[in-house]
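Below: the structure, in structure tokens.
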Amino acid sequence: MARSFFVAFLLTFLGIISGCGEQQGEAQQNTDTLSQNNTIIVAVPTREIVDMAGRTVRLRQEINRIGTLGSVPMMNTFVESLGAGKKIYNQPSKFHDIHGRWKMHLEFAPQLVNGPHFQSSSHELLIENILAADPDVCITNSKSILDVLDKVGVPTVFVDWSTVDRMMDSVTMLGEVLREQERAAAYIRYFQDTKDRLKALSESIPILERRTVLYSNPTQFRCPGSLTEEWLVIVGALSVTREAYLAGRREYDLEELLKWDPEIIFLTYHKTVEELKINPAYKDISAVKNNSIILAPTVGHMWGGHTVEAPIAAYWMMYKLYPKLMTKEQLVKEIKYFYKTFFAYEMSDKQIDEIIAGGRGV
């Protein structure tokens, strides 16, 4: 709390000095003030933001120390994609290994290695650590975390990634929180431009040449999320789970999977690849027989499901499915542009090769 004390002291001192001169009219910024015994205490100037839970949150004017809670790699990626990764203060919990699968966060935000933990390995909040850090804002996707931090007076905003539209609104909201409105607007334009470009490319694919795809862990029998289903359509894939998803189902069974017989399976966990290869229940699926199981990369987040890296993941998906339509040279160019423009990070050629190959943390 020393940082807050120093700031409050400095502003109090400056407020007393300015009070000795002529009045300059009402302050242009929203500040909390208290007059008692002829002493004026001036708090840090604040502003108000409406988050994705509809809550009005009062924040400091300048955001320099950010806490991320809940699904931390995803929350980090939201911040990093707006060029603010170096403002993240806390490490992910030990559950998310930043030296293993999630190691790219040490590239986007190298200071994390020295940061405190705000959650235990079992995801419990470490309130003392959070209060001692005095973050300018915490960002979370968990409403239960909101309730706890509200009670202890930590300014926290809620991010919603449940649908594409809510995710885009979350990017806009965080652009306001971080004062990165232009970068947020540019990201949303890039998201839409990517959809339009890939859809135009995929429209040229004859229906009989479109690949049948499962982008899901077939050992868990769960349909992918709405964002994944949307991008599969855009890149010209025939998602075998599409009808089940449109019917509102979230699960399927082995009998259905064998009937669908996907040509290609995209997975996000390496161990699942081996499980499919050794389990005789899957031996007759074309993707397994032909060794057409593709491991998706993990960069800021896993390239599957709801992630702000979805546009670049879609370019990668099209390259894997239709390399004549999306060449490696085109993909390399897009990866470099995406991370430089939004993450303020220059990808090396080696890193890009590892991303394209797929797998656990480049």
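The values are calculated or read from the model by the stated rules, or taken from the named source; none is laboratory data. This structure is a prediction, so every number in the text was calculated from the model and none was measured. Ideal geometry is used to build each Cβ from the backbone, glycine not excepted, and the neighbour counts take in all protein chains shown. Ligands, DNA and RNA are stripped out before the accessible areas are found, and what is left, the full protein with its side chains, is counted by its heavy atoms. Shrake-Rupley method; radii C 1.70, N 1.55, O 1.52, S 1.80 Å.
Restricting the search to the stretch 235-259, which residues are modelled with pLDDT of 95 or more, assigned to a helix (DSSP H, G or I) and either touching a strand residue (DSSP E or B) at 6+ places or on another chain (Cβ under 8 Å) or open to solvent by 80 Å² or more (accessible area, probe 1.4 Å) (or both)?
Those that are modelled with pLDDT of 95 or more, assigned to a helix (DSSP H, G or I) and either touching a strand residue (DSSP E or B) at 6+ places or on another chain (Cβ under 8 Å) or open to solvent by 80 Å² or more (accessible area, probe 1.4 Å) (or both): GLU255, LEU257, LYS259.
What is the number of the single condition among (1) farther than 27 Å from LEU201 by Cβ; (2) open to solvent by 60 Å² or more (accessible area, probe 1.4 Å) that LYS328 does not meet?
(1)
When the stretch 68-96 is examined, which residues are found to be surrounded by fewer than 18 Cβ atoms within 10 Å (Cβ to Cβ) and more than 12 Å from LEU112 (Cβ to Cβ)?
Listed by number, the residues that qualify are LYS94, PHE95.
Being open to solvent by 50 Å² or more (accessible area, probe 1.4 Å), over 23 Å from SER162 (Cα atoms) and polar (S, T, N, Q) is the filter here; which residues of the stretch 180-218 pass it?
SER204
Does the stretch 163-172 contain any residue that is modelled with pLDDT of 95 or more, surrounded by 15 or more Cβ atoms within 10 Å (Cβ to Cβ) and outside any helix (DSSP H, G or I)?
No, because not a single residue in the stretch 163-172 is modelled with pLDDT of 95 or more, surrounded by 15 or more Cβ atoms within 10 Å (Cβ to Cβ) and outside any helix (DSSP H, G or I).
For the stretch 280-291, name all the residues that are in contact (Cβ under 8 Å) with a residue 24 or more places away in the chain and either open to solvent by 30 Å² or more (accessible area, probe 1.4 Å) or aromatic (Phe, Trp, Tyr) (or both).
Those that are in contact (Cβ under 8 Å) with a residue 24 or more places away in the chain and either open to solvent by 30 Å² or more (accessible area, probe 1.4 Å) or aromatic (Phe, Trp, Tyr) (or both): ALA281, TYR282, ASP284, ASN290.
Can you give me the number of residues within the stretch 84-111 that are in contact with a helix residue (DSSP H, G or I) (Cβ under 8 Å, 6 or more places away or on another chain) and within 17 Å of ILE63 (Cα to Cα)?
The number of residues fulfilling the criteria is 8.
Just to be sure I understand, how many residues within the stretch 112-141 are open to solvent by 40 Å² or more (accessible area, probe 1.4 Å) and among the β-branched types (Val, Ile, Thr)?
Counting residues in the stretch 112-141 that are open to solvent by 40 Å² or more (accessible area, probe 1.4 Å) and among the β-branched types (Val, Ile, Thr) gives 2.
Mind checking which pairs have a first residue in the stretch 62-80 that is on the phi > 0 side of the Ramachandran plot and a second that is open to solvent by less than 10 Å² (accessible area, probe 1.4 Å), Cβ under 7 Å, 6 or more apart or different chains?
Final answer for the pair search is GLY70/THR140.
Can you work out which of the residues in the stretch 296-325 that are farther than 17 Å from ARG211 by Cβ and open to solvent by 10 Å² or more (accessible area, probe 1.4 Å) is modelled with the highest pLDDT?
HIS301
Of everything in the stretch 270-279, what is open to solvent by less than 40 Å² (accessible area, probe 1.4 Å) and of a type outside the set (Val, Ile, Thr)? Give them in sequence order.
Matches in the stretch 270-279: LEU276 only.
Condition test on GLY85, is it of a type outside the set (S, T, N, Q) and over 21 Å from ASP134 (Cα atoms)?
Taking the combined requirement at face value, the residue does not satisfy it.
Is there a residue in the stretch 142-155 that is hydroxyl-bearing (Ser, Thr, Tyr), within 23 Å of the chain's Cα centre (by Cα), under 22 Å from SER71 (Cα atoms) and open to solvent by 60 Å² or more (accessible area, probe 1.4 Å)? Step through it out loud before you land on a result.
Here is the first cut: in the stretch 142-155, the residues hydroxyl-bearing (Ser, Thr, Tyr) are 142, 144.
Then keep just the ones that are within 23 Å of the chain's Cα centre (by Cα); that gives 142, 144.
In the following step, the residues that additionally are under 22 Å from SER71 (Cα atoms) were identified as 142, 144.
Now drop any that are not open to solvent by 60 Å² or more (accessible area, probe 1.4 Å), which leaves 144.
The answer is yes; a qualifying residue exists.
So which of ARG58, ARG47, ARG65, ARG101 ends up being surrounded by fewer than 21 Cβ atoms within 10 Å (Cβ to Cβ), basic (Lys, Arg) and modelled with pLDDT under 85?
The unique qualifying residue is ARG101.
Given the conditions (1) free of Cβ contacts under 8 Å to residues at least 24 places away in the same chain; (2) in a loop (DSSP other than H, G, I, E, B); (3) surrounded by 14 or more Cβ atoms within 10 Å (Cβ to Cβ), report the number of the one that PRO262 does not fulfil.
With respect to (1) free of Cβ contacts under 8 Å to residues at least 24 places away in the same chain; (2) in a loop (DSSP other than H, G, I, E, B); (3) surrounded by 14 or more Cβ atoms within 10 Å (Cβ to Cβ), PRO262 is out only on (1).
Answer with yes or no whether LEU267 is surrounded by 20 or more Cβ atoms within 10 Å (Cβ to Cβ) and either modelled with pLDDT of 90 or more or on the phi > 0 side of the Ramachandran plot (or both).
yes
Can you tell me which residue is modelled with the lowest pLDDT among those in the stretch 20-44 that are of a type in the set (A, V, I, L, M) and open to solvent by 60 Å² or more (accessible area, probe 1.4 Å)? Lay out the reasoning, then the answer.
Step one: filter the stretch 20-44 for residues of a type in the set (A, V, I, L, M), giving 27, 34, 40-44.
Now restrict to residues that are open to solvent by 60 Å² or more (accessible area, probe 1.4 Å): 27, 34, 40-41.
Details: ALA27: 37, LEU34: 42, ILE40: 54, ILE41: 51.
Within the stretch 20-44, the match that is modelled with the lowest pLDDT is ALA27.
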